[in-house]
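Working notes, structure below.
Each value in this text was obtained by applying a stated rule to the coordinates, not by laboratory testing. Just so we're clear, the structure is a prediction, and the values are computed from it rather than from any experiment. Heads up, the Cβs are rebuilt from the backbone with ideal geometry, glycines too, and the neighbour counts pull from every protein chain shown.
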Amino acid sequence: MRSLGYAVRLAALASVISSTAGQAQGGIALGYTDIGAVIGLGGIGGASVAFGGRFEKVFKALPDLGDGLLGLQVGLDWWSWNQSFGNSSSSVSWIPIGVTANYHFKMDNKKIDPFLGAGLGYQIVNATCEVNGIDYCGGSYGSEIYFITKGGIRYFWKDNMALYADVGVGAATLNVGLVWKLK
């Protein structure tokens, strides 16, 4: 639920920014498609940085829901952690893959694109916890399906390129990066 609180704050910030900033060409519209790379900050456990990508296609206008737009986004991230001490070692790699339906708010300022999303993900987890060559993890880490809630924003600094950020479920607390418009 903490992720949803971040998402609401992010959407409110975007509304304030949009009311004070100037107009721009481009932005989100029906049929918009982008792809990009992100770096995750505030990693889970001992992970310091996660790496990932995002792909989204906006496919439906929602005139009855504040003239927003609906997009489908696929996200993939990766992080790992390891440590060794004497005869013991531990390592974990985590690959969350998620699909979210994102609601894009209608904004007068086309440079700003705040969104909220919900969906499902699947995390692939590989872990080892060895002492003297014996694995003690014993299934304590496992792959599973999980529910996603997220909030995010794009800031178009060019018609075909935007700064991107999202908060929510994944390999990091905050993901930042660049996305490039394909259509």
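A few remarks follow.
- Inter-site label distance for residue 158 and residue 97 at 7 Å from Cα along Cβ, in nm: 3.1
- Extension gain (nm, one decimal) between residue 143 and residue 106, 0.36 nm per residue minus Cα-Cα: 9.6 nm
- Put in order of Cβ neighbour count within 10 Å, fewest first, the listed residues 56, 144 become 144, 56.
- Amide H to amide H distances under 5 Å link residue 161 with 181, where only residues 5 or more positions off or on other chains count and H is placed in the peptide plane.
- Couplings 3J(HN,Hα) of the stretch 60-72, computed from phi: 8, 7, 10, x, 7, 10, x, 6, x, 10, 10, x, 10 Hz, in residue order, whole Hz [Karplus 6.51 cos²θ - 1.76 cosθ + 1.60, θ = phi - 60°; x for Gly and Pro].
- Amide hydrogen neighbours beyond the local backbone of residue 97, cut-off 5 Å, H modeled: 122, 123, 124
- Of the residues 51, 59, 147, 105, the one with the fewest other Cβ atoms within 10 Å heads the list, and the complete ranking is 147, 59, 51, 105.
- Relative protection proxy for 118-128, 80-90, 66-76, from highest mean packing down: 66-76, 118-128, 80-90 (other beta-carbon atoms within 10 angstrom).
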